[in-house]
Amino acid sequence: MTDATAAAPLDRALLRRTRGRQNRGYRRFLLPAIVTIVVLTIVPLIFTLGLSLTSLSYSSIRGPRFIGLENYADLFGDARFIASLWQSAVLIFVPLIFQLVFGFMLALVMNERLPGLGWLRVIFIIPMFFPPIVMGLLWKVLFTPQLGGINHYLGLIGISGPAWLSDPTMALISISVAAVWGWTPFVTIMFYTAMQTFPSDLYEASRIDGATWVQRIRFVTLPLLRQTALVVIVFRIMEGLAIFPIIYVMTSGGPAGSTETTNYYAYITGFEFLKVGYASSIILTFLAILVAILAPSTRLVLKNVGERG
Amino acid sequence: MAEIRLTKLSKTYPNGQAAVKDLDLSIKDGEFLVLVGPSGCGKSTVLRMIAGLEEITGGTLHIGDRLVNEVEPKERDIAMVFQSYALYPHMTVAENIGFPLRLSRVAKAEKDRRVREAAAILELTDYLDRRPAQLSGGQRQRVAMGRAIVRQPSVYLLDEPLSNLDAKLRDKTRTEMVDLQARLGVTTVYVTHDQVEAMTMGDRVAVMKDGVLQQCATPRELYASPANAFVAGFIGTPAMNFLPADVTAQGLTAAGLTVALPGELRAVLDRQSHSQVQLGVRPEDVKLGESGSPARVIGVEELGPEAIVRLALPDAHARRQLIVRVPGDTLLTRDETVHFNFGPKVHVFTEDGQRIAATN
Amino acid sequence: MRVRPRRITAGLYTFAIVWGLFILVPFAWLASLSIKSRLDAFADPPKLFFTPTFAAYGEVFGDPAFLRAIGNSLIVSTGAVALSLLIAVPAAYALRHIVGPLRHHTLLGILLIRMVPGMVYLLPYFVFYNKAHLMDTHIGLIIVHLIFNVPLIIWMLTPIWAAIPHDLSEAARIDGATPFQTLVMVDLPLMKGGILAASILAFIFSWNEFLFALILSRREVVTLPVAIVNFLAFEGTEWGKIAAASMFIVTPAIVFGFLVRRYMISGLTGGAVKG
């Protein structure tokens, strides 16, 4: 140890060392988590990339070969893949619109603290804890003729109920209904939590300025919710295909492939046709599209991550 | 017991901000040193560097004969009391006080004995089984003290330990702490932003501003011969009056008054060829009477034994105010015109605040 | 205090009630199905009043495959939570104290990893598990659950940990505690509640997990969500049994979920929204 000299001028290396010392005692507590995550996610991700460049197929007697980008080239001519992209978009964005609208309204109801609606706070959250697979079963039951009774009750008010699960368009709608049921609570919680952080003097000021209730929502609440809404949208798009179990039990991607999302197609390709190489290229292409869509907004949304706390 | 020596001690934060600059300070064995200054002056940073909680980025720190720049806090033979007390909420008073001993694997019997001893000194014996949440503010403060004294360290570091107490309790605890420190004779560094605490508690007081040590001296010296206008203004309530003054053949002219200069002061001023200086006058050194400069009374604050009078100087002096300390039985009232004089003691500073000298 | 036109108040009430029915009626329907006889289940028009029977529950709990699935789910979920805690709790503790880009990048990294669709990871695990004889094993499933549970727990604990005053760890350091001693003697006792909540939430996620279990189990370690799908495949018309099994899976998830609902946001979104 040498005697340090007079106050050093700003020295980057010294500062890094200082911070390093501050973190020194704690880094080893972080290490297991980082190793775990790298080994369990980054490594498989790279492995998937590798697989996607091979012809690996457990249904073929020929061993896997390196085929470069051939799988990716094939995707362009794969009508089923193109259709799955479209269906993914429908099953992500259609429920999302309703989740946002209903989630906002529900948050508004809770935020207004209307008397007699305490029970709503308790029950609105129920779907969040539902295993997605049971969510799918639940709606399959409801949409199954006789078993679910929906069409019976529609009949009572003079509507002839559609074939919920066996008509291609209706099947998309049925799955969307289940998705709205299942993930609106998430949106509600996000909006409601954000609303509770809004300073109340903003509302009071707007009242003194003569704003009506509707104007207050329009000019105070909604603009303040923009950032939250962006976060919600990013999360819901990224995790939109977590409805896999719902599709699995409700329609198995049918009828006639009309509800087959890209991850479902990758599942079929990889685990039923056992074409693992091709399935890898499907899911990675899908991931790349998601990232391309979300990258700009993700930066914006996540810039504060880690700053708090 | 130990002496603490800070040599060119510096702290620069990762963002480039310098919190402490080239601090030289020696704290004698058994001394009660108070670090005082406005918030953000770096006093807490100094304390935390002595404690080992803050990395030293320049200079050296010795405790006793040891260079401790790189030594872990527990090896420095120090104890610290935090402003928030930092009591472990899930432990009882006894467990809190005994925690340092438990960590250093002191045998149970010995630990219990020392905890009881510390508790007795601090009158906490009846509360040993309580948890911090069940204690009053003053009791919590004493538990924090107990955790410090139980280790019998050679240095106490106290970071604004009284600032969370109400005024009355603060005064009482202040004297108790001074007595305790005198009895135990342990070197103590005490950080506060309250200059009254500093003056009443410290053997010596170190005044800091913007990371730089302004002056370190006994309270009396600090008051009588402040090193610069900042120290002069910071120490003493009400604060010292500052007036711009011209150096003339007769002496110093300020507020229509001329203060005669003793020979040696005259010589200093002439040697440094100042024509403009700052005159510093403590409120008790402004004399009200029949003669002198006129001023109007704009406020009287009665404090009992004394009163503080605010004077407005005539317009020519740009709406300056003068604060004057007078006996409590004053009959002065608002809007009355009085005459004042300076003396016997006035301080003279350069225009940028450096001390030149004082009369007397 | 809030001035709200009567019309709008009425609208909000209406929406609240309609939404409440939308949430509850399907759930109630499933519950009723689980206590209907087969005949009643398929009655047209649907029977709102019927004689309840617990026969379906009897069948479910009499089915050795289902009982094994309960055991598997408990083993996998408990194991996954325990292992996740072991890795994530020290990490959250470290992130309480680490400053600078390391902290930021770690938190961001684990958030992004959690957002990647599970199917991306599944293919390499499928290939690797086949080779490494981890297919259809408890430990194999437990390992993949770490992918979502470790980030979840870290994200949930970070803001809770931030509420413990920094002074406490500094006091402990002065008192002579090593970082590990501070963790065990000071932080853990204070974090008990938060860690319990995180464990519960992680347990629910493991308990509900379907995709990994579907692919990486065959016969031996079938968990409840997969077992119930097997009912559907092999006993397609046994809706009472399926409903009863569903109720059995859902109930603990909901009950425990309620206990930890106020912690959910940071766990789900990694604090991207200030809560």
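The values are calculated or read from the model by the stated rules, or taken from the named source; none is laboratory data. On a predicted model such as this, the values are computed, not experimentally measured, just so you know. Every residue, glycine among them, receives a Cβ derived from its backbone with ideal geometry; neighbour counts consider all protein chains shown. To get the accessible areas, we keep the full protein, side chains included, count just its heavy atoms, and leave off ligands, DNA and RNA. Shrake-Rupley method; radii C 1.70, N 1.55, O 1.52, S 1.80 Å.
Interface size between chain A and chain B, please: total buried accessible area, 1.4 Å probe, rounded to the nearest 100 Å².
The A and B chains share an interface burying roughly 1300 Å².
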field: Under the Karplus curve 6.51 cos²θ - 1.76 cosθ + 1.60, θ = phi - 60°, whole-Hz ³J(HN,Hα) for the range C:213-227, x wherever Gly or Pro sits
entry: 5, 4, 8, 9, 10, 10, 10, 6, 10, 4, 8, 4, x, 6, 4
message: If the only charges are +1 at each Lys and Arg Cβ and -1 at each Asp and Glu Cβ, what is the size of the charge dipole of the protein assembly as shown around the Cα centre, to the nearest 20 debye?
response: 1360
field: A:L69/A:S252 FRET efficiency (R0 45 Å; Cβ-Cβ; nearest 0.05)
entry: 0.90
field: the protein assembly as shown, accessible area per residue, ligands and nucleic acids excluded (1.4 Å, Å²)
entry: 42
query: For the range C:56-269, what is the charge dipole size about the Cα centre, in debye to the nearest 20, if Lys and Arg each add +1 at the Cβ and Asp and Glu each add -1 at the Cβ?
result: 300
message: In chain C, once you exclude exposed GluC sites (Glu not before Pro) (DSSP loop, at most 16 other Cβ within 10 angstrom), what's the longest stretch remaining?
response: C:1-219
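Select from the range A:100-200 those trypsin sites (Lys or Arg not before Pro) which occupy a DSSP coil region and have at most 11 other Cβ atoms within 10 Å, ordered by residue number.
On the way: sites: A:R113, A:R121, A:K140; in loops: A:R113.
Of the trypsin sites (Lys or Arg not before Pro), the ones in loops of the range A:100-200 whose Cβ has at most 11 other Cβ atoms within 10 Å are A:R113.
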- prompt: Of the accessible area of chain C, with the probe set at 1.4 angstrom, what percent is carbon plus sulfur?
  reply: 70
message: From the P(r) of the protein assembly as shown, could you give the percentage of C-alpha pairs in the tail past 46 Å?
response: 48
- prompt: So which residues in the range A:47-73 end up with at least 20 square angstrom less accessible surface once the other protein chains are there, compared with the chain by itself, probe 1.4 angstrom?
  reply: A:F47, A:T48, A:L51, A:Y58
task: Could you size up the charge dipole of chain B around its Cα centre, putting +1 on the beta carbon of Lys and Arg and -1 on that of Asp and Glu, and report it in debye to the nearest 20?
output: 840
query: Looking at A:L45, B:A260, B:M177, which one has the Cα that reaches farthest to the positive end of the dipole of the protein assembly as shown (charges on Cβ: Lys, Arg +1; Asp, Glu -1)?
result: A:L45
message: Rounded, prolate or oblate for the range A:70-302? Axes are the square roots of the Cα gyration tensor eigenvalues, ordered a ≥ b ≥ c, and the cut-off for rounded is a/c under 1.5.
response: oblate
- prompt: Which percent of the accessible area of the range B:241-358 is formed by carbon and sulfur heavy atoms (probe 1.4 angstrom)?
  reply: 49
- line: Within the range B:4-234, the percent of DSSP beta bridges that are antiparallel, given to the nearest 5, stands at 50
message: Leaving out ligands, DNA and RNA, and with a 1.4 Å probe, what % of the accessible surface on the range A:70-302 is carbon or sulfur?
response: 68
field: A/C buried area, accessible surface, summed, 1.4 Å probe, Å²
entry: 9600
message: When a/c reaches 1.5 or more, the comparison of a/b and b/c decides; with that in mind, is the range B:1-134 rounded, prolate or oblate per its Cα gyration tensor?
response: prolate
task: Give the distance, in whole Å, between the Cα centre of the range B:206-257 and the Cα centre of the range B:28-44.
output: 20
message: Using a loss threshold of 50 Å², tell me which positions in the range B:75-116 are less accessible in the complex than in their chain alone. Probe radius 1.4 Å, ligands and nucleic acids ignored.
response: B:F82, B:Y88, B:H90, B:L103
task: State, in square angstrom and to the nearest 100, the accessible area buried between chains B and C, both chains counted, probe radius 1.4 Å.
output: 1800
Of C:A31, C:A43, C:A197, the one that fluctuates the most in a GNM where chain C has Cα springs shorter than 10 Å: C:A43
task: Compare B:P161, B:P294, B:P14 in a GNM of chain B, Cα atoms joined below 10 Å, and give the one with the largest fluctuation.
output: B:P14
query: What net charge do the residues around A:Y153 carry, taking every other residue with its C-beta under 14 Å from that of A:Y153, with Lys and Arg at +1 and Asp and Glu at -1?
result: 0
field: For the range A:206-237, residues shielded by at least 40 square angstrom of accessible area compared with the chain on its own, probe 1.4 Å
entry: A:R207, A:W213, A:F235
query: B:F32: net charge of surrounding residues, Cβ under 13 Å, Lys/Arg +1, Asp/Glu -1, itself excluded?
result: -1
field: q = 0.07, 0.13, 0.14 Å⁻¹, chain C: log10 I(q)/I(0) [Debye, one scatterer per Cα]
entry: -0.37, -1.00, -1.08
message: Among B:D126, B:D179, B:D203, which one shows the highest mean-square fluctuation when chain B is modelled as a Gaussian network with alpha-carbon springs under 10 Å?
response: B:D126
- line: Dividing the helical contributions, -39500 (n - 2.57) per DSSP H run of n ≥ 4, by the residues of the protein assembly as shown yields a 222 nm value, nearest 500 deg cm²/dmol, of -17000 deg cm²/dmol
message: How tilted is helix B:167-184 with respect to the longest principal axis of chain B? Cα atoms for both, answer in degrees (0 to 90, nearest 10).
response: 70
